[in-house]
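The values are calculated or read from the model by the stated rules, or taken from the named source; none is laboratory data. None of the values given here were measured: they were computed from a predicted structure. Glycine also receives a Cβ, built like all others from the backbone with ideal geometry; neighbour counts cover every protein chain displayed.
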Amino acid sequence: MKKKQRFLLFISLFLWMSLLSACGTETLEKKQETVEGNGVSYQFYLPKGWKKQENIHDLYGRQAVLGAEDTRSNSNMFLLVFPKDSVKIKEFGQRTREELAKRNGYKKVEDVYMKEYKVNGAPAYKYTFETKFNGKKMWAHFYCIFSKNGVAQWMFYSADDANYEKRVEWIDAAINTVKETGFDQTKASSLESEEKSDEIKLSHPQFSVTVTGIAKVSGEAQKQLLVIRYDYTNQSQEPKKSQDWRTFMRVTQGDQELQEATLPLDSNDYQIKELVGNSDKEIQPGEMIQGALLYELTGTGAVNIDFLKEIESAQSSYTLIIPTTE
């Protein structure tokens, strides 16, 4: 009888320990998420305990297609999806590592962790570095997945706490579930056509520029900033910084000339940060780069851009309607 009791006790302990083990290894939410951006659809699972946020455009900018937060820590994430041909994969790994090191104050590029691997057959990159988000020191985990028809960029801001190492294991597990599940060519082409219809093209013997869009973001002390996004091609015979084209125009709002501005160091709009950073990079003759200029708005009215006579464009002056939301 005692042997039977000991046997039953052993079985009970085994089952209880197995249950604890199963609970401890559960790293993902049970519900599979589906998102779409620029006509490309993805499916994946969020890390365990992470919940989707509603006001993602207020939190992460208008191009975010998903935002989520960890219910057990001060950690959050957002996702951006770009057309496949808008991000160059050649030398992406090292180029991005260098940019992240420079932007986050690292003296050595090697101090930014980088991993090149595959996620369900798609080329992928992971970077880990220290940064600031909403004024707090955080660990950032940046993932970029080059799927068949798009580029998905995930930014996780993880709290610098005692659970950091376990949390990143769960984040890694979530990223490993990402799969492209569909592509709507009609929608992608429609979005591209909408963007091109609003483009402003200008040329100069030394360069050509296409203004691809405008946006509004928050600056220091809640000041509103105008973002002018552009594609710049160096047509000269020597290296140039793409932002130099700004000297050939005057930007005004009402009767006031707008002053150039900078993003706050803890800005969470990662894409705008990258574009602004590009503006200060020297590019070689014949190369093209995407960049952004920032101006401090003085009100809510329309903004006018007047080009100097050296610039060739369909018009010498353009009026930009400022978005009502970021």
Cβ-Cβ under 6 Å pairs, at least 6 apart or on other chains, segment 95-109 side among the small types (Gly, Ala, Ser), far side surrounded by 13 or more Cβ atoms within 10 Å (Cβ to Cβ): ALA101/VAL109; ALA101/VAL112
Number of the condition not met by LEU191 [criteria: (1) modelled with pLDDT of 95 or more; (2) more than 16 Å from the chain's Cα centre (by Cα)]: (1)
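A quick yes/no check of all residues on (1) in contact with a helix residue (DSSP H, G or I) (Cβ under 7 Å, 6 or more places away or on another chain); (2) outside the structural domain of TYR60 (by TED's automatic domain parsing); (3) more than 25 Å from ARG250 (Cβ to Cβ); (4) charged (D, E, K, R):
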position: ASP160; (1), (2), (3), (4): no, no, yes, yes
position: THR177; (1), (2), (3), (4): no, no, yes, no
position: PRO205; (1), (2), (3), (4): no, yes, no, no
position: LYS216; (1), (2), (3), (4): no, yes, no, yes
position: LEU225; (1), (2), (3), (4): no, yes, no, no
position: TYR232; (1), (2), (3), (4): yes, yes, no, no
Yes or no: segment 110-117 includes at least one residue that is in contact with a strand residue (DSSP E or B) (Cβ under 6 Å, 6 or more places away or on another chain) and of a type in the set (Lys, Arg). yes
Given (1) assigned to a strand (DSSP E or B); (2) touching a His at 6+ places or on another chain (Cβ under 9 Å), identify the lone condition not met by TRP245. (1)
Against the condition outside the structural domain of GLU99 (by TED's automatic domain parsing), surrounded by fewer than 16 Cβ atoms within 10 Å (Cβ to Cβ) and either in contact (Cβ under 8 Å) with a residue 12 or more places away in the chain or more than 28 Å from the chain's Cα centre (by Cα) (or both), how does ASP269 come out, does it pass? no
Kindly indicate whether GLU91 is more than 15 Å from the chain's Cα centre (by Cα) and either in the same structural domain as TYR157 (by TED's automatic domain parsing) or closer than 30 Å to PHE183 by Cα (or both). yes
Among what's in segment 207-220 and is crowded, with 16+ Cβ neighbours inside 10 Å and not small (Gly, Ala, Ser), pick the residue that is farthest from the chain's Cα centre (by Cα). PHE207
One residue is enough: does segment 70-79 have a residue meeting the conditions outside any loop (DSSP other than H, G, I, E, B), of a type outside the set (Gly, Ala, Ser) and surrounded by fewer than 18 Cβ atoms within 10 Å (Cβ to Cβ)? no
Among the numbered criteria (1) modelled with pLDDT under 90; (2) within 19 Å of LEU275 (Cα to Cα); (3) over 19 Å from the mean Cα position of the chain (by Cα), which single criterion is violated by THR233? (1)
Filter result (assigned to a loop (DSSP other than H, G, I, E, B) and surrounded by fewer than 16 Cβ atoms within 10 Å (Cβ to Cβ)) within segment 248-266: GLY254, ASP255, THR262, LEU265, ASP266
